[in-house]
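The values are calculated or read from the model by the stated rules, or taken from the named source; none is laboratory data. These figures come from a predicted structure and were not determined experimentally. Ideal geometry is used to build each Cβ from the backbone, glycine not excepted, and the neighbour counts take in all protein chains shown. Only protein heavy atoms, including side chains, enter the accessible area calculation; ligands, DNA and RNA are left aside. Shrake-Rupley method; radii C 1.70, N 1.55, O 1.52, S 1.80 Å.
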Amino acid sequence: MTQRVTVSATGEVNGDLDTVARNLAEARHAVAFTGAGISVESGIPDFRSPGGLWTVFNPMEYATYSCFVRSPEKSWDLFRAIGETLLDAKPNPAHHALARLEERGGLAGIVTQNIDGLHQAAGSRKVLEIHGNHDDLHCPRCGHVEPMLRSHLEPGPVPECPACEGALKPTVVLFEEPVRDLDSIQDTLAPCDLLIAIGTSSEVAPASLFPAQVGARGGRVIEINLEPTALTMNLDAWDGALLEGPASVTVPLVVERALGAAEGERS
Ligand code: NAD
């Protein structure tokens with residue numbers, strides 16, 4: 001049966017967190033799979049929660065590649081609405097805990113749907129960004145690339161390619177565009193015996209299929225979220241656990257206990 005553990009904002013634990021931590025400590029190839037929820041406590045709103053970005057910008061209106069081609073100024077309304085927040089955000093304790101776990105040899109890598117660069121800012125080294133990132137601007141017409149600057153986010157005309165005058169687009173993956181790094185992601189997931197899915201509603205394919213892939217090969221799936229998601233009902237089949245609580249408190253708690261358990265086994 002799926003283990004259920006709740007963690008309050010102040011770190012009170014209800015349930016058997018030690019078993020989950022031991023599972024993490026004993027994994028040979030643990031991978032973290034992260035979504036917008038891990039960065040909410042860094043001040044970046046997610047998409048689907050109440051008050052999230054999707055309640056203001058309809059994704060099929062603003063975040064599709066065809067919208068960008070048809071009316072880049074409309075897509076830039078969305079890029080500008082979130083851009084400053086992305087530039088100013090700092091990693092929170094959940095990002096730092098994953099970096100620490102990798103450094104201590106307990107995490108083989110991170111597959112993230114996020115475009116905010118906060119895992120790298122926290123010191124994580126093996127980060128695969130399936131939906132790209134917000135570091136650069138790219139010209140879909142001629143391939144020119146230049147860094148994203150704060151000035152690009154100020155109100156005004158759509159940033160233009162200096163080479164061909166086409167509309168520039170952040171190097172994020174919009175709906176209808178191919179995702180990034182799929183081969184490397186599959187190489188990382190193939191030996192994965194434990195996947196920690198953190199702060200994702202698991203509704204955007206193909207990323208939403210990764211937990212099922214790991215589970216189908218006999219891997220364990222641990223979910224960390226504020227609430228049950230589309231993933232939760234399958235956790236039983238994947239020998240999994242739901243840790244219900246804010247990522248910035250729950251991730252450090254389980255990571256520190258896993259590192260403590262690993263240390264205890266060595267001594
Ligand atoms: P989502 O918005 O669909 O789901 C976010 C999930 O995180 C929800 O299930 C919510 O319950 C959970 N959550 C919210 N706050 C949390 C917290 N403090 N602790 C733990 N869980 C929390 O996000 P998604 O599944 O990542 O998919 C949406 C797409 O949006 C992604 O592809 C991503 O590229 C993009 N996005 C990225 C960012 C970012 O880079 N930070 C922000 C918004 C959207």
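Look at (1) within 25 Å of the chain's Cα centre (by Cα); (2) open to solvent by less than 80 Å² (accessible area, probe 1.4 Å); (3) of a type outside the set (D, E, K, R) and you find that S151 fails only one, number (1).
Would the range 245-267 turn up any residue that is within 15 Å of the ligand (Cβ to nearest atom) and either open to solvent by 70 Å² or more (accessible area, probe 1.4 Å) or in a strand (DSSP E or B) (or both)? So that I can check it myself, show each step before the final result.
From the range 245-267, those within 15 Å of the ligand (Cβ to nearest atom) are 245-255; that's our starting set.
Applying the additional criterion that residues be either open to solvent by 70 Å² or more (accessible area, probe 1.4 Å) or in a strand (DSSP E or B) (or both) yields none.
Checked the range 245-267: no residue is within 15 Å of the ligand (Cβ to nearest atom) and either open to solvent by 70 Å² or more (accessible area, probe 1.4 Å) or in a strand (DSSP E or B) (or both).
Residue check: L86 meets all listed conditions (1) loosely packed, with under 15 Cβ neighbours inside 10 Å; (2) in contact with a strand residue (DSSP E or B) (Cβ under 8 Å, 6 or more places away or on another chain) but one, namely (1). Among the residues of the range 81-96, those identified as touching a residue at least 60 places away in the same chain (Cβ under 8 Å) and within 13 Å of the ligand (Cβ to nearest atom) are G83, L87, N92, P93, A94. The helices (runs of 4 or more DSSP H) falling completely within the range 1-102 that include 3 or more residues that are closer than 30 Å to R150 by Cβ map to 59-62, 65-70, 72-88. So in the range 35-59, with the set limited to residues that are over 18 Å from F210 (Cβ atoms) and of a type in the set (A, V, I, L, M), which one is surrounded by the fewest Cβ atoms within 10 Å (Cβ to Cβ)? In this case the residue turns out to be V56. Could you please let me know if V204 is of a type in the set (A, V, I, L, M, F, W, C) and open to solvent by 20 Å² or more (accessible area, probe 1.4 Å)? So V204 fits the description; yes.
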